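Quick note: the coordinates plus some simple rules give every number you see, no bench work behind them. None of these values were measured; they are calculated from a predicted model. Cβ placement follows ideal geometry from the backbone for every residue including glycine, while neighbour counts extend to all protein chains displayed.
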Amino acid sequence: MALLKKTKTIFYVLISSMGLTTYVNANQQITTAKVENAMTQAFQPLMQKYAVPGMAIGVLYQGKSYEKYYGVQSLADKKSVNKNTLFELGSVSKLFTATAGSYAQSVSKLSLQDHPGKYLPALKNSEINQVTLLQLATYTTGNLPLQFPDQIKTDAQTLKYFQDWKINQPVGQFRQYSNPSIGLFGEATAKAMNMPFSTLLEQVIFPQLQLQHSYVNVPKAQQTNYAFGYDQNNRPIRVNPGPFDAQAYGVKSNLPDLLQFMNLNLNPDQAKASIRPAIQGTHIGYFKMGGMTQALGWETFDYPASLETLLESNSDRVVMQSNPVEKTLVKSGARVFHKTGSTNGFGTYLIYIPAEKFGLVMLMNKRIANAERIQAAYEVLNTLKQTSHP
């Protein structure tokens, strides 16, 4: 599927994967019912296909916000999903870690060209200190793995893991998506800001972003809003603690907060002046791999981008393997931004396209394939732009 460029009043959308050509009148009135129907038609079949208990979908389109809630947040008590329901974000948490690091740089507490040993002195004489904070944040360290080994549990074990780690690929030339990589970036950021990472998010970054119900540690008063996730056998499950979990996959949030976060990324001029440079800093692309450019947290693409390109960015080859990259610096131009996230019981997807004034947030309390999320989101956008051609 490819979205082609906007003309003065007509969109031409070529959906090659479906063999369908549609012409879209740009002046068509977008109603709330139309947006909600688009969300339902695209995502509700996934609930049925994968037995997803609950879901929240939000759309930003042409300056307006839309929310739709489906199903239950727990199969036990049958409480309906609503605007207060908290979902585990999985790797979408990395967007907040990236924002925190960008914020620390904007207030001159660190530079992305610094090395982790500057903030964690125990790493000064280790090979990991040959890597910059930017390379940690963009997964270009030279082979830090997707996950920590199972035996790494404690802070002491985590520190020793990095002390013993050895480079086996040229730093800055290969990308290997990695929780330890961005985890160490987040920990160095917290040290630079002189506070625990969870405190940095909950007391500095979230308030700056005007997020009212986003947490690393869900408070007691919010426990009734915290959804249960469900594994592939429909057993209730929540995320387990692990090394650098807060930095890599530990945030919980609700749909209104994520729409607020997305709106500030779509429209940084609406953000507080104190956090605006940090948001804009996360949009800069640093390493290119095929059709994807790795920014801070966000995976970005030239716009128009094909559906196949977005799907490839979440393929097993890209997520599970090390791939060569080219150093770049992308600060402007029409682009697509997205990020997937999962825990064992939850699935999340964020995508926004500034040129279309479009953004979408998907939250589910069951993990489904990333490809299904991406395809459904594109279906929503195309439906909003689609009408019968005379």
Would you mind listing how long segment 166-286 runs along its three principal axes, going by Cα atoms, in whole Å with the largest first?
-> 47, 40, 28
Counting DSSP beta bridges with both partners in segment 2-384, what percentage is antiparallel, nearest 5?
-> 95
Per-peptide average of other Cβ atoms within 10 Å, ordering 30-38, 199-207 highest first = 199-207, 30-38
Using alpha carbons only, how many degrees (0 to 90, rounded to 10) separate the axis of helix 93-106 from the longest principal axis of the chain?
-> 60
Given unit charges at Cβ for Lys, Arg (+) and Asp, Glu (-), the dipole magnitude of segment 2-384 about its Cα centre in debye, nearest 20, is 460
Once both labels are modelled 7 Å past Cα along the beta-carbon direction, what's the GLN232-GLN151 spacing in nm?
-> 2.7
Taking 335-343, 39-47 and ranking on average Cβ neighbours within 10 Å, highest first, one gets 335-343, 39-47
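When N is the residue count of segment 248-363, what does its C-alpha Rg come to as a fraction of 2.2 N^0.38 Å? It would help to have the intermediate numbers written out before the result.
Values: Rg = 14.3 Å, N = 116, 2.2 N^0.38 = 13.4 Å.
Normalised Rg, Cα atoms only: 1.06.
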With x for Gly and Pro, the residue-by-residue ³J(HN,Hα) of segment 136-148, computed from phi through the Karplus equation 6.51 cos²θ - 1.76 cosθ + 1.60 at θ = phi - 60° and given in whole Hz, is 4, 5, 10, 6, 10, 7, x, 2, 4, x, 4, 10, 5
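As a check on your grasp of the helix formula, calculate [θ] at 222 nm for the chain: sum -39500 (n - 2.57) over DSSP H runs of n ≥ 4, divide by the residue count, round to the nearest 500.
Numbers: 11 runs with 110 residues, N = 390.
Calculated from helices alone, the mean residue ellipticity at 222 nm is -8500 deg cm²/dmol.
Among the listed pairs LYS124/LYS331; LYS49/LYS78; LYS94/LYS272, which are separated by more than 24 Å between their Cα atoms? Could the numbers behind the result be given before it?
On the way: LYS124/LYS331 32 Å; LYS49/LYS78 20 Å; LYS94/LYS272 21 Å.
Over 24 Å apart, Cα to Cα: LYS124/LYS331.
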Rounded to the nearest 10 degrees, what's the angle between the helix 370-384 long axis and the longest principal axis of the chain, both from Cα atoms, 0 to 90?
-> 40
Of TYR177, LEU110, TYR352, whose Cα points farthest to the positive end of the dipole of the chain (charges on the beta-carbon: +1 Lys, Arg; -1 Asp, Glu; origin at the Cα centre)?
-> TYR352
Whole-angstrom gap from segment 297-323 to segment 351-387, using each part's C-alpha centre = 15
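Please compute one quarter of the surface area of the Cα convex hull for segment 103-211 and express it in square nanometres.
Details: hull surface 28.0 nm².
Directional mean of the projected Cα hull area for segment 103-211 stands at 7.0 nm².
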Rounded to a whole number of µm²/s, how large is the Stokes-Einstein D of segment 333-374 at 37 °C and 0.692 mPa s, given Rh as the Kirkwood radius over C-alpha pairs?
-> 302
Please report, in whole Å, how far the alpha carbons of segment 183-240 spread along each principal axis, starting with the longest.
-> 42, 25, 18
Quick calc, segment 137-256, dipole around Cα centre from Cβ unit charges on Lys, Arg (+) and Asp, Glu (-), nearest 20 debye, gives 80
Calculated FRET value between ASN217 and GLU312, using beta carbons and R₀ = 45 Å, to 0.05 = 0.80
Cα-based Rg (one decimal) and Dmax (whole number) for segment 259-308, in Å?
-> 12.3, 37
Express in whole angstrom the spacing between the alpha-carbon centres of segment 40-69 and segment 271-295.
-> 26
Whole-angstrom gap from segment 144-165 to segment 192-210, using each part's C-alpha centre | 24
Principal axes first, then extents: for the Cα atoms of segment 109-163, list largest minus smallest coordinate on each axis, whole Å, largest first.
-> 32, 22, 19
Put one equal scatterer on each alpha carbon of segment 146-189, apply the Debye formula with no solvent term, and list log10 I(q)/I(0) at q = 0.17, 0.19, 0.22, 0.26 1/Å to two decimals.
-> -0.53, -0.66, -0.88, -1.16
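With +1 on each Lys and Arg Cβ and -1 on each Asp and Glu Cβ, and nothing else charged, work out how big the dipole of segment 57-164 is about its Cα centre, in Debye to the nearest 20. The partial results should precede the final answer.
Working: 11 positive and 8 negative charges, 84 e Å.
So the magnitude is around 400 debye.
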Separation in nanometres of the label points that stand 7 Å from Cα toward Cβ, at VAL171 and ALA334 = 3.9
Sorted by average packing, counted as other Cβ atoms within 10 angstrom per residue and highest first, what order do 378-386, 305-313, 180-188 take?
-> 180-188, 378-386, 305-313
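If you average over every viewing direction, what projected area does the convex hull of the Cα atoms of the chain give, in nm²? Present the calculation step by step, with values, prior to reporting the outcome.
Details: hull surface 74.9 nm².
Quarter of the Cα hull surface area: 18.7 nm².
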Report the one residue of VAL204, TYR66, ALA98 whose Cα lies farthest in the direction of the positive end of the charge dipole of the chain (charges on C-beta: Lys and Arg +1, Asp and Glu -1; origin at the Cα centre).
-> TYR66
